[in-house]
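K.L.:
Handing you this structure, nothing more for now.
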Amino acid sequence: MPPVTGLDALFLARLQFAFTVGFHIVFPAFSIGLAAYLAVLEGLWLKTGRQVYLDLFRYWLRAFSIVFGMGVVSGLVMSYEFGTNWAQFSQKAGPILGPLLGYEVMTAFFLEAGFLGIMLFGMNKVGKKLHFFATCVVSLGTLISMSWILSSNSWMQTPQGYAIEPGTGRFIPQDWWAIVFNPSFPFRLVHMALAAFLSVAFVVGGVGAWHLIRARRAGRQPTEAVKIMFSMAMWMAAIVGPLQILAGDAHGLNTLKYQPAKIAAMEGDWESEGYAPELLFGIPDMENEVTRYKIAIPYAGSLILTHSLSGKVPGLKDYPKDQRAPSYVVFFSFRIMIALGVLMALAGLYSLWLRWRGALWNSKLLQRAVLIMTPAGFVALLCGWVTTEVGRQPFTVYGLLRTVDSASPVPSASIWGTLVIFVIVYAIVFASGISILLRGFAQEPHSNETGPDPRHPQRAAAMAGAVSDNAGTEA
């Protein structure tokens, strides 16, 4: 086969980064939501003294240690890819993104590295309150890490507070407050945090539903731990699901203001118009500038995007062809995310009705639905990131630095080789890690759970030493 060069090398570089970040983003999100859940469980144990909360804490602490480790492994290569495949981007955006990532290390890294070992292996070595403090600090560290990473990625979406250096094209910081708190950052921070909590709620709920179904089929009553686990997950789904829809709406209004071309690609709209319909389905045709096979709700597009029936919705024809994101990708990724988000919110609200009727643990429909939707939060999260990142194309720094001008002059053969290696290594590592998780989830929480193996505390130091790599790329 002849060597692939030019734009094909650029496509391979993008594909490699998409592959690694697609694997990686699931595990930091899992860690963020699960760390918060662990803090709640330990707090309830300290407040009530009930053994069941401690058993659940230790049960999910084992899962956290595995997820955290896989996050470390998956994040290692991403920092190298910035140098190998995206050197021009690093050189031009480095004066802004470098300090932001450094702040993440100086804050979240030290918190997590200092207290992770205590959280994982210190239950019987320090006081109860100190251990709870360590758990809370680790949870806080994951949130701080997410904040810095989202700030840097949000700056790439809505850049502010910079000056462009003549001759080099480098982005020079002028106002760090404007850089950190750029226009899209607050909306994306809330949206991502809620996505992490909702994703973990359905993992916890799915495990609980599995054991409720098994208990019913075996003709026995479910254990108290299983019922509490499922109940807490459904409370979270009922609260966070609707909040996520509201947060997504606010994020959409912000995107319409600062990235209208992305909105046009997401909606599959070609003409700018008021009283615009909302396309439920269609197939965008970028070549002929039309969306085929449309199924639409009249006026709903303007109402959803602008909160006004007459509100003007942008069209892709408002922008030059070389500045349009590939609508055929973001159109579908956006709709999958929305559909899953609505289903998760409905499941949470349905659980409230069942709880009011006293039938939460007896509903076959809810249990089966939650079991099927166990990975729904992570699928929605991945689709959201596809929408965000592909919708920004053809720019790495929106409107300022094009993707084609951000790549390193690396031969396509080299990118092919490393991509194949990554696929093989990731397949081995993650198949092993996920199989361990599934074997653990197949067992019910039982009395006197032990948590991670206390006979090997030295593992905590190794994991803590690598925490900065795990924290690095939620975005």
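K.L.:
Considering only protein heavy atoms, what is the solvent-accessible area of I372 at a probe of 1.4 Å, reported in Å² to the nearest 10?
P.N.:
Result for I372: roughly 130 Å² accessible.
K.L.:
For the stretch 247-356, what's the relative contact order in percent, using C-alpha pairs closer than 8 Å and at least 6 residues apart?
P.N.:
Numbers: 176 pairs, mean separation 32.2, N = 110.
Contact order relative to length: 29 percent.
K.L.:
Right, another one. Mind checking the per residue accessible area of the stretch 31-164 for me, 1.4 Å probe, whole number of Å²?
P.N.:
With the other protein chains kept in place, the stretch 31-164 gives 35 Å² per residue.
K.L.:
To continue, here is another question. Return the distance in nm (one decimal) between the two label points of a simple spin-label model at N288 and A442, each offset 7 Å from Cα along Cα→Cβ.
P.N.:
Going by the 7 Å Cα→Cβ label model, 5.1 nm.
K.L.:
For the stretch 168-315, state the average projected area of the convex hull of the C-alpha atoms over all orientations, rounded to one decimal in nm².
P.N.:
14.9 nm²
K.L.:
If you take all C-alpha pairs in the stretch 311-350, what percent of them are over 16 Å apart?
P.N.:
Working: 449 of 780 pairs.
Tail of the P(r) past 16 Å holds 58 percent of the pairs.
K.L.:
Hey, which of these cross-link pairs are over 26 Å Cα-Cα: K262/K294; K125/K227; K92/K312? Can you show the working numbers first?
P.N.:
Numbers: K262/K294 19 Å; K125/K227 30 Å; K92/K312 35 Å.
Violating the 26 Å limit, Cα to Cα: K125/K227; K92/K312.
K.L.:
Follow-up question, since we're still on this one. Farthest toward the dipole's positive end in the chain, which of T403, F133, P222, given Cβ charges of +1 (Lys, Arg) and -1 (Asp, Glu) about the Cα centre?
P.N.:
Farthest towards the positive end: P222.
K.L.:
Which angle from 0 to 90°, rounded to the nearest 10, does the C-alpha axis of helix 376-390 make with the longest principal axis of the chain?
P.N.:
For 376-390 against the chain, the angle is about 20 degrees.
K.L.:
Restrict the search to the stretch 177-234; then list the trypsin sites (Lys or Arg not before Pro) that DSSP places in a loop and that have at most 14 other Cβ atoms within 10 Å of their Cβ. If you can, show how the numbers build up before the last one.
P.N.:
Working: sites: R188, R214, R216, R217, R220, K227; in loops: R220.
Sites meeting the loop and neighbour criteria: R220.
K.L.:
Here is a further query. Kindly report the accessible area of the stretch 383-442 per residue (heavy atoms of protein chains, probe 1.4 Å, no ligands, DNA or RNA), in Å². Don't jump to the answer; show the numbers that get you there.
P.N.:
Working: 2740 Å² over 60 residues.
Using a 1.4 Å probe on heavy atoms only, each residue of the stretch 383-442 averages 46 Å².
K.L.:
Quick query: amide H of R402 versus all other amide H atoms, modeled in the peptide plane; which residues come in under 5 Å with a sequence gap of 5 or more or a different chain?
P.N.:
T396
K.L.:
Can you send over the solvent-accessible area of E267, 1.4 Å probe, protein chains only, in Å² to the nearest 10?
P.N.:
Surface accessible to solvent at E267 totals approximately 10 Å².
K.L.:
Sticking with this structure for a sec: Given a 1.4 Å probe and the protein chains all in place, what does the accessible area of D318 round to, in Å² to the nearest 10?
P.N.:
90 Å²
K.L.:
Continuing with the same structure: Given a 1.4 angstrom probe, what's the average accessible area per residue across the stretch 172-260, in square angstrom?
P.N.:
41 Å²
K.L.:
What Kirkwood radius, in Å to one decimal, follows from the Cα pairs of the stretch 26-164? Each step should come with its number before you reach the end.
P.N.:
On the way: mean 1/r = 0.0602 Å⁻¹.
Evaluated on the stretch 26-164, it is 16.6 Å.
K.L.:
Could you check the simple spin-label distance between R368 and Q91, using points 7 Å along Cα→Cβ, in nm with one decimal?
P.N.:
Here the modelled spin labels are 6.0 nm apart.
K.L.:
Moving on. For the chain, what does the helix formula give at 222 nm: sum of -39500 (n - 2.57) over DSSP H segments with n ≥ 4, over the residue count, nearest 500 deg cm²/dmol?
P.N.:
On the way: 16 runs with 322 residues, N = 475.
Computed mean residue ellipticity for the chain: -23500 deg cm²/dmol.
K.L.:
Whole angstrom only: what separates the Cα centroid of the stretch 239-277 from the Cα centroid of the stretch 334-372?
P.N.:
25 Å
K.L.:
Next question, about the same structure. If I model a spin label at R355 and A178 as a point 7 Å from the Cα along the Cα→Cβ vector, what separation in nanometres do I get?
P.N.:
Going from the R355 label point to the A178 one covers 4.5 nm.
K.L.:
Between 0 and 90 degrees, rounded to the nearest ten: what's the tilt of helix 87-104 against the longest Cα principal axis of the chain?
P.N.:
Once rounded, the angle reads 30 degrees.
K.L.:
On to the next question. Identify the trypsin sites (Lys or Arg not before Pro) of the stretch 78-169 meeting these criteria: DSSP loop state and at most 13 other C-beta atoms within 10 Å of the C-beta. Present the calculation step by step, with values, prior to reporting the outcome.
P.N.:
Values: sites: K92, K125, K128, K129; in loops: K125.
Answer by residue number: K125.
K.L.:
May I ask you to derive the relative contact order of the chain, considering only C-alpha pairs under 8 Å and at least 6 residues apart, and to give it as an integer percent? It would help to have the intermediate numbers written out before the result.
P.N.:
Details: 754 pairs, mean separation 125.2, N = 475.
Worked out over the chain, it gives 26 percent.
K.L.:
Also, quick follow-up: Among R292, R62, what's the order by accessible area (1.4 angstrom probe), most exposed first? Don't skip to the end; give the middle numbers.
P.N.:
Numbers: R292 100, R62 75 Å².
Largest to smallest exposure gives the sequence R292, R62.
K.L.:
Quantify, in whole percent, the carbon and sulfur part of the accessible surface of the chain (1.4 Å probe; protein heavy atoms only). Intermediate results must be reported in sequence, preceding the final value.
P.N.:
Working: 14160 of 20890 Å².
The computed percentage sits at 68.
The values are calculated or read from the model by the stated rules, or taken from the named source; none is laboratory data. Since the structure is predicted, the reported quantities are computational estimates derived from the model, not experimental observations. Ideal geometry is used to build each Cβ from the backbone, glycine not excepted, and the neighbour counts take in all protein chains shown. Keep in mind that these areas ignore ligands, DNA and RNA; they rest on the heavy atoms of the full protein, side chains included. Shrake-Rupley method; radii C 1.70, N 1.55, O 1.52, S 1.80 Å.
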